[in-house]
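The values are calculated or read from the model by the stated rules, or taken from the named source; none is laboratory data. Here the structure is a predicted model, which is why all the values come from computation and not from measurement. All Cβ positions, even for glycine, are placed from backbone atoms using ideal geometry, and neighbour counts span all protein chains on display. Ligands, DNA and RNA are excluded from the accessible area calculation, which covers all protein heavy atoms including side chains. Shrake-Rupley method; radii C 1.70, N 1.55, O 1.52, S 1.80 Å.
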Amino acid sequence: MKRPLNVLVVGSGIAGMSYAIELAGSAIGRNVRIRLLSKAPVHASSSYAAQGGVAAVMDARDSFDGHVEDTLMVGGGRNEPKVVDRIVREGPHLVNKLIAMGASFDADVSGRLHLSLEGGHSAARVVHHEDRTGAEIVRVLRGRVRALPMIEVWEGWQALDLLVQGEHDQRRCAGLSALEQRTGTMHTLQADLVVLATGGVGQVYQHTTNPTASTGDGIAMAVRAGVPLRDMAFVQFHPTAMYTGTSGQAFLISEAVRGAGARLLCHDGKPLMDGLHAMGDLAPRNVVARAIHREMERSGTEHVWLDIAPVGAARFAREFPAIDRRCGELGLRPVRDLLPVMPAAHYLCGGIATDDRGRTDLPGLLALGECAGSGSHGADRLASNSLLEAMVIAMRAAAIAPTYAPSDGPITANAFAEFSITGRTHASIDRAIRDLRHAMTCHVGVVRDRDGLACALRTIAHAELVVARRWVRRRLSDGLFNLRDMTAVARVITEAALAEPRSVGTHFLADEVASPEHRSSRSTKIQARFARR
């Protein structure tokens with residue numbers, strides 16, 4: 001190879017760093033240049049905030065078949081079974097590799113890993129580091145990234161659009177345009193290979209466990225470049241986000257807390273999940289989220305309760321120190337106090353359509369992690385399968401790097417590369433973002449109906465008009481770029497929901513179970529009350 005393979009990885013979370021590390025350690029590692037672009041600091045990523053852990057078969061009493069069956073069951077049969085099987089079978093190797101790299105997972109005095117039980121799992125198989133597993137894995141990966149000279153980390157760079165070379169079946173990705181946030185200028189970055197690992201879309205909703213940077217950038221870039229998506233209707237809502245009476249990013253209370261014995265309670269103190277599902281409080285997340293939604297609607301309240309008493313104060317503080325600390329900051333004492341919880345947008349189960357090595361329909365473009373739709377999650381993600389999938393597919397993707405070669409030829413430059421931006425965001429943009437989140441929360445949330453989905457599309461169309469008016473005048477800003485991405489993502493989620501004729505997984509249509517006069521009110525009553533906050 002005459003020159004190094006030039007690779008752009010967009011996103012510095014676990015998926016992006018895993019790929020960069022694997023590529024740097026591959027057979028061509030000495031002849032690659034990897035630039036890792038990060039919109040926000042890594043400690044502000046979903047990866048860093050991940051509490052639960054890595055689902056992997058690490059116990060002789062467990063089995064790969066059991067893990068696969070649980071994944072397919074929770075996914076509503078919409079998974080790609082071969083992809084699931086490949087990922088699950090790599091779980092033990094991945095965990096052992098992380099330990100060899102220096103990751104510290106909870107274990108007993110003999111060194112035997114402590115395995116947590118989470119929703120949808122038929123066995124305890126979640127490897128974890130207290131309730132801060134994501135932060136521990138990020139620590140290890142970040143240290144390795146810093147030690148590898150062929151990897152450059154560019155923080156404060158926001159990818160805007162893919163650059164495409166050629167036409168029709170000769171198209172290939174040849175780089176991207178990106179905003180350097182420090183200077184407010186845009187650049188064209190050429191590359192032989194672009195890897196999107198941009199994370200989730202939670203910020204299109206009023207309440208989300210996702211950080212502020214999760215505006216769906218990578219998926220929006222794919223939409224604008226005509227790259228196929230899959231399973232976009234399936235947005236997972238975590239049942240137990242902490243309710244504080246405010247909008248924005250919500251603090252997550254790990255499912256492992258219920259795995260340790262905590263119980264969900266109705267407002268009258270009765271067990272919430274009794275008689276609703278054979279797995280009770282550890283039913284698949286979509287089942288629990290809808291049960292909470294129904295209880296909130298029935299009681300006219302904005303949350304339900306999580307009772308920590310069955311866990312015990314000492315064990316809770318020992319096994320869930322970050323959650324215990326956050327409760328204290330809010331003036332709550334677990335065990336003595338019931339914790340107020342509500343569903344919040346948590347994870348996109350679909351994304352940019354890929355195979356089991358991260359390859360998209362556009363040559364030269366890979367997608368990994370939450371922005372990718374490999375088919376592993378189906379209609380709902382099994383708890384703690386996300387970190388597993390992100391790292392396993394990253395390893396598999398890096399293994400095929402030798403098939404890529406430096407490219408040449410003309411680049412389709414984006415139409416605004418020569419422009420700078422202003423840091424000021426106009427009031428119309430802020431208003432459009434608020435309206436968009438309100439509509440998505442009300443109409444494309446835990447429970448949906450077709451009238452509501454059509455209403456959401458009207459709000460999305462208005463937001464698109466706001467973008468178009470300011471775009472044509474070149475009044476560019478951070479807020480405008482975020483709104484542009486959010487509208488693109490909101491539209492594909494909503495249109496995918498309209499295209500799904502039956503309830504499955506996280507996609508639940510009230511039209512199927514309610515009389516016509518109740519269709520709209522059932523799906524929007526509680527979410528609308530949230531959105532007014």
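Have a look at 218, 226 and point out the one that is outside any strand (DSSP E or B), in contact with a strand residue (DSSP E or B) (Cβ under 7 Å, 6 or more places away or on another chain) and modelled with pLDDT of 95 or more. Before the answer, list the steps.
Details: 226 fails: in contact with a strand residue (DSSP E or B) (Cβ under 7 Å, 6 or more places away or on another chain).
Checking each option against the conditions leaves just 218.
Take the residues of region 88-115 that are charged (D, E, K, R) and within 15 Å of residue 384 (Cβ to Cβ): which is most open to solvent (accessible area, probe 1.4 Å)? Working first, answer last.
Step one: of region 88-115, the residues charged (D, E, K, R) are 89-90, 97, 106, 108, 112.
Applying the additional criterion that residues be within 15 Å of residue 384 (Cβ to Cβ) yields 90, 106.
On the way: 90: 64, 106: 42 Å².
So, considering only residues that are charged (D, E, K, R) and within 15 Å of residue 384 (Cβ to Cβ), the one most open to solvent (accessible area, probe 1.4 Å) is 90.
Consider region 302-333. How many of its residues are outside any helix (DSSP H, G or I) and touching a strand residue (DSSP E or B) at 6+ places or on another chain (Cβ under 9 Å)?
Kept after step one, since they are outside any helix (DSSP H, G or I), are these residues of region 302-333: 302-312, 320, 330-333.
If we keep only those that are touching a strand residue (DSSP E or B) at 6+ places or on another chain (Cβ under 9 Å) too, we end up with 302-311, 320, 330-332.
Matching residues across region 302-333 total 14.
Kindly indicate whether any position in region 17-26 is more than 23 Å from residue 202 (Cα to Cα), buried (at least 16 other Cβ atoms within 10 Å of the Cβ), of a type in the set (S, T, N, Q) and in contact (Cβ under 8 Å) with a residue 24 or more places away in the chain. Walk me through how you get there before you give the answer.
Looking only at region 17-26, we keep the residues that are more than 23 Å from residue 202 (Cα to Cα), and these are 19-26.
Next, from what is left, pick out any that are buried (at least 16 other Cβ atoms within 10 Å of the Cβ): 19-24, 26.
Next, from what is left, pick out any that are of a type in the set (S, T, N, Q): 26.
Now narrow it down to the ones that are in contact (Cβ under 8 Å) with a residue 24 or more places away in the chain: 26.
Checked against the condition, which is being more than 23 Å from residue 202 (Cα to Cα), buried (at least 16 other Cβ atoms within 10 Å of the Cβ), of a type in the set (S, T, N, Q) and in contact (Cβ under 8 Å) with a residue 24 or more places away in the chain, region 17-26 yields at least one hit.
Residues in region 237-280 that are touching a Cys at 6+ places or on another chain (Cβ under 6 Å) and closer than 23 Å to residue 436 by Cα: how many?
Of all residues in region 237-280, those touching a Cys at 6+ places or on another chain (Cβ under 6 Å) come to 272.
Still in the list and also closer than 23 Å to residue 436 by Cα: none.
Of the residues in region 237-280, 0 are touching a Cys at 6+ places or on another chain (Cβ under 6 Å) and closer than 23 Å to residue 436 by Cα.
Collect the residues in region 147-172 that are assigned to a strand (DSSP E or B), crowded, with 18+ Cβ neighbours inside 10 Å and touching a Leu at 6+ places or on another chain (Cβ under 8 Å), keeping them in residue-number order.
Looking only at region 147-172, we keep the residues that are assigned to a strand (DSSP E or B), and these are 151-155, 157-165, 172.
Still in the list and also crowded, with 18+ Cβ neighbours inside 10 Å: 151, 153, 157-165.
Of everything in region 147-172, those that are assigned to a strand (DSSP E or B), crowded, with 18+ Cβ neighbours inside 10 Å and touching a Leu at 6+ places or on another chain (Cβ under 8 Å) turn out to be 151, 153, 157, 158, 159, 160, 161, 162, 163, 164.
Test residue 293 against the stated conditions and say whether it is open to solvent by 40 Å² or more (accessible area, probe 1.4 Å) and either touching a helix residue (DSSP H, G or I) at 6+ places or on another chain (Cβ under 9 Å) or not in a helix (DSSP H, G or I) (or both). Show your work before the answer.
Details: open to solvent by 40 Å² or more (accessible area, probe 1.4 Å): no; either touching a helix residue (DSSP H, G or I) at 6+ places or on another chain (Cβ under 9 Å) or not in a helix (DSSP H, G or I) (or both): yes.
So residue 293 fails the test.
Identify, from the list 175, 200, 245, the residue that is surrounded by fewer than 22 Cβ atoms within 10 Å (Cβ to Cβ) and not β-branched (Val, Ile, Thr). Break it down into steps so the answer makes sense when it comes.
Details: 175 fails: surrounded by fewer than 22 Cβ atoms within 10 Å (Cβ to Cβ); 200 fails: surrounded by fewer than 22 Cβ atoms within 10 Å (Cβ to Cβ).
After ruling out the rest, the residue left standing is 245.
Does region 178-190 hold any residues that are open to solvent by 20 Å² or more (accessible area, probe 1.4 Å) and farther than 23 Å from residue 219 by Cβ, and which are they? Show your work before the answer.
The initial filter retains those residues of region 178-190 that are open to solvent by 20 Å² or more (accessible area, probe 1.4 Å), namely 180-183, 185, 187-188, 190.
Result: 182, 183, 185.
Within region 192-205, which residues are assigned to a loop (DSSP other than H, G, I, E, B), modelled with pLDDT of 95 or more and farther than 16 Å from residue 40 by Cβ?
205
Just give me the residues in region 120-146 being part of a loop (DSSP other than H, G, I, E, B) and either charged (D, E, K, R) or over 21 Å from residue 324 (Cβ atoms) (or both), in sequence order.
Initially, region 120-146 is screened for residues part of a loop (DSSP other than H, G, I, E, B), giving 120-125, 128-132.
If the condition is that a residue be part of a loop (DSSP other than H, G, I, E, B) and either charged (D, E, K, R) or over 21 Å from residue 324 (Cβ atoms) (or both), then 120, 121, 122, 123, 124, 125, 130, 131, 132 are the ones that fit.
Being outside any loop (DSSP other than H, G, I, E, B) and out of contact with any helix residue (DSSP H, G or I) (no Cβ under 9 Å at 6 or more places or on another chain) is the filter here; which residues of region 96-111 pass it? Give the steps one after another, and end with the answer.
Residues of region 96-111 that are outside any loop (DSSP other than H, G, I, E, B), as a first pass: 96-101, 107.
If the condition is that a residue be outside any loop (DSSP other than H, G, I, E, B) and out of contact with any helix residue (DSSP H, G or I) (no Cβ under 9 Å at 6 or more places or on another chain), then 96, 99, 100, 107 are the ones that fit.
If I go through region 285-305 residue by residue, how many of them are among the aliphatic types (A, V, I, L, M) and within 22 Å of the chain's Cα centre (by Cα)? Please lay out each step first, then the result.
Of region 285-305, the ones among the aliphatic types (A, V, I, L, M) are 287-289, 291-292, 296, 304.
Remaining after also requiring within 22 Å of the chain's Cα centre (by Cα): 287-289, 292.
Residues in region 285-305 being among the aliphatic types (A, V, I, L, M) and within 22 Å of the chain's Cα centre (by Cα): 4 in total.
Looking only at region 116-127, filter to residues that are open to solvent by less than 10 Å² (accessible area, probe 1.4 Å) and of a type in the set (A, V, I, L, M); which one of those is nearest to residue 260 (Cα to Cα)? First the steps, then the outcome.
Quick first cut of region 116-127, residues open to solvent by less than 10 Å² (accessible area, probe 1.4 Å) only: 118-121, 125-127.
From what is left, the residues that are of a type in the set (A, V, I, L, M) are 126-127.
Values: 126: 12, 127: 14 Å.
Across region 116-127, the extreme among qualifying residues is 126.
Test residue 213 against the criterion of being buried (at least 23 other Cβ atoms within 10 Å of the Cβ), within 15 Å of the chain's Cα centre (by Cα) and within 23 Å of residue 475 (Cα to Cα), and give yes or no.
Numbers: buried (at least 23 other Cβ atoms within 10 Å of the Cβ): no; within 15 Å of the chain's Cα centre (by Cα): yes; within 23 Å of residue 475 (Cα to Cα): yes.
Spelling it out, it is not the case that residue 213 is buried (at least 23 other Cβ atoms within 10 Å of the Cβ), within 15 Å of the chain's Cα centre (by Cα) and within 23 Å of residue 475 (Cα to Cα).
Taking residue 311 as the residue in question, decide whether it is in contact with a Leu (Cβ under 6 Å, 6 or more places away or on another chain) and at pLDDT 95 or above. Steps first, answer last, please.
Details: in contact with a Leu (Cβ under 6 Å, 6 or more places away or on another chain): no; at pLDDT 95 or above: yes.
When the stated conditions are applied, residue 311 does not pass them.
Count, please, the residues in region 260-280 that happen to be open to solvent by less than 30 Å² (accessible area, probe 1.4 Å) and touching a residue at least 40 places away in the same chain (Cβ under 8 Å). Walk me through how you get there before you give the answer.
Of all residues in region 260-280, those open to solvent by less than 30 Å² (accessible area, probe 1.4 Å) come to 260-262, 264-266, 272-273, 280.
Then keep just the ones that are touching a residue at least 40 places away in the same chain (Cβ under 8 Å); that gives 260-262, 264-265.
Summing the residues that are open to solvent by less than 30 Å² (accessible area, probe 1.4 Å) and touching a residue at least 40 places away in the same chain (Cβ under 8 Å) in region 260-280 gives 5.
Where residues in region 456-486 are in contact (Cβ under 8 Å) with a residue 60 or more places away in the chain and assigned to a helix (DSSP H, G or I), which of them is surrounded by the most Cβ atoms within 10 Å (Cβ to Cβ)? Steps first, answer last, please.
Of region 456-486, the ones in contact (Cβ under 8 Å) with a residue 60 or more places away in the chain are 476, 478, 481-482, 484-486.
Remaining after also requiring assigned to a helix (DSSP H, G or I): 478, 481-482, 484-486.
On the way: 478: 17, 481: 22, 482: 21, 484: 25, 485: 27, 486: 25.
Applying the filter and picking the extreme gives 485.
Restricting region 56-82 to residues that are aliphatic (A, V, I, L, M) and assigned to a helix (DSSP H, G or I), which is nearest to residue 97 (Cα to Cα)?
At the first step, the residues of region 56-82 found to be aliphatic (A, V, I, L, M) are 56-58, 60, 68, 72-74.
Imposing the further condition that a residue be assigned to a helix (DSSP H, G or I) reduces the set to 68, 72-74.
Details: 68: 21, 72: 26, 73: 28, 74: 27 Å.
Out of the qualifying residues, it is 68.
Would you point out the residue of region 392-419, among those that are touching a strand residue (DSSP E or B) at 6+ places or on another chain (Cβ under 8 Å) and modelled with pLDDT of 95 or more, that is farthest from residue 57 (Cα to Cα)?
Once the filter is applied, the top-ranked residue is 397.
Quick check: anything in region 32-44 at positive phi and assigned to a loop (DSSP other than H, G, I, E, B)? Quick ask: steps written out before the conclusion?
Step one: filter region 32-44 for residues at positive phi, giving none.
No: zero hits.
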